[in-house]
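The values are calculated or read from the model by the stated rules, or taken from the named source; none is laboratory data. Since we're looking at a predicted model, the values are computed, not measured. Every residue, glycine among them, receives a Cβ derived from its backbone with ideal geometry; neighbour counts consider all protein chains shown.
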Amino acid sequence: MGKWLRLNTIDRRKGFVAGLIGGAVGVLVMQAYWRILPQDAFDWLPHSREPVEAARKLPAIEPLLGRRYLPDEAAAVAVGRTVYRLITGRQPRSLEERDRLRWLVLWAWGLGSGVAYGATRTTTRPRDLAGGFFYGLRLWFGDTVLAGLLGLKPDPRQWPLREHLLWLTTHWVYTFVTTQVTRLLYRAL
């Protein structure tokens, strides 16, 4: 009974604020990770530049809403470009404009994910480290499979192992930082 009472005493407003700040710090650290990570970070793995053999056995992911991405375009760029076109009626004109849209989408995603995490948390125990691990797996799955289903990325079966590892570690950097900052801020507020 005592555990149930503790779960109900979580203040969702504090969680919202702590998650918002935690998400912002997570995005900043994720940006730093991208800047310092060498391009060949995962090339030490055998066959790191080839599509994952086991993934080829899975069924193909067919976009439910049609293909929304352009060649060599990240999902965040595809989302930014699509929303921009819906709002302005035109395509972004320059690479700088597309890059700004990409960062706006990443910031919106990062802040929104942080808020969702903070507002739905049920504890402030250090086990948030494990929560960050599984939270990162869920975000990676969404960014890989669900983005493919929405036509924002190519079929992930075509990706080399190094791309999967890059995106998985990127999501872990974000979620470990977000969960820990959110937990510490929640306790401090």
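Structure notes:
- Residue ID - surrounded by the most Cβ atoms within 10 Å (Cβ to Cβ), chosen from residues in the stretch 161-189 that are of a type in the set (D, E, K, R) and out of contact with any Lys or Arg (no Cβ under 7 Å at 6 or more places or on another chain): Arg183
- Selected residue [surrounded by fewer than 17 Cβ atoms within 10 Å (Cβ to Cβ) and under 14 Å from the mean Cα position of the chain (by Cα)] from Trp44, Trp34: Trp34
- Those residues of the stretch 170-186 which are within 13 Å of Val29 (Cα to Cα) and of a type in the set (Phe, Trp, Tyr), in sequence order: Trp172, Tyr174, Phe176
- Extreme residue, nearest to the chain's Cα centre (by Cα), among residues of the stretch 65-90 that are surrounded by 10 or more Cβ atoms within 10 Å (Cβ to Cβ) and assigned to a loop (DSSP other than H, G, I, E, B): Ala74
- Number of the exception - Gly148 against (1) free of Cβ contacts under 8 Å to residues at least 24 places away in the same chain; (2) within 24 Å of Leu65 (Cα to Cα); (3) not aromatic (Phe, Trp, Tyr): (1)
- Residue under evaluation Ala116, criteria (1) buried (at least 18 other Cβ atoms within 10 Å of the Cβ); (2) more than 27 Å from Asp72 (Cβ to Cβ); (3) modelled with pLDDT of 90 or more, criterion not met: (1)
- Residue match in the stretch 38-55 (condition: in contact with a Ser or Thr (Cβ under 9 Å, 6 or more places away or on another chain) and more than 19 Å from Leu166 (Cβ to Cβ)): no
- Within the stretch 145-160, the set of residues being in a helix (DSSP H, G or I) and surrounded by 20 or more Cβ atoms within 10 Å (Cβ to Cβ) comprises Ala147, Gly148, Pro156.
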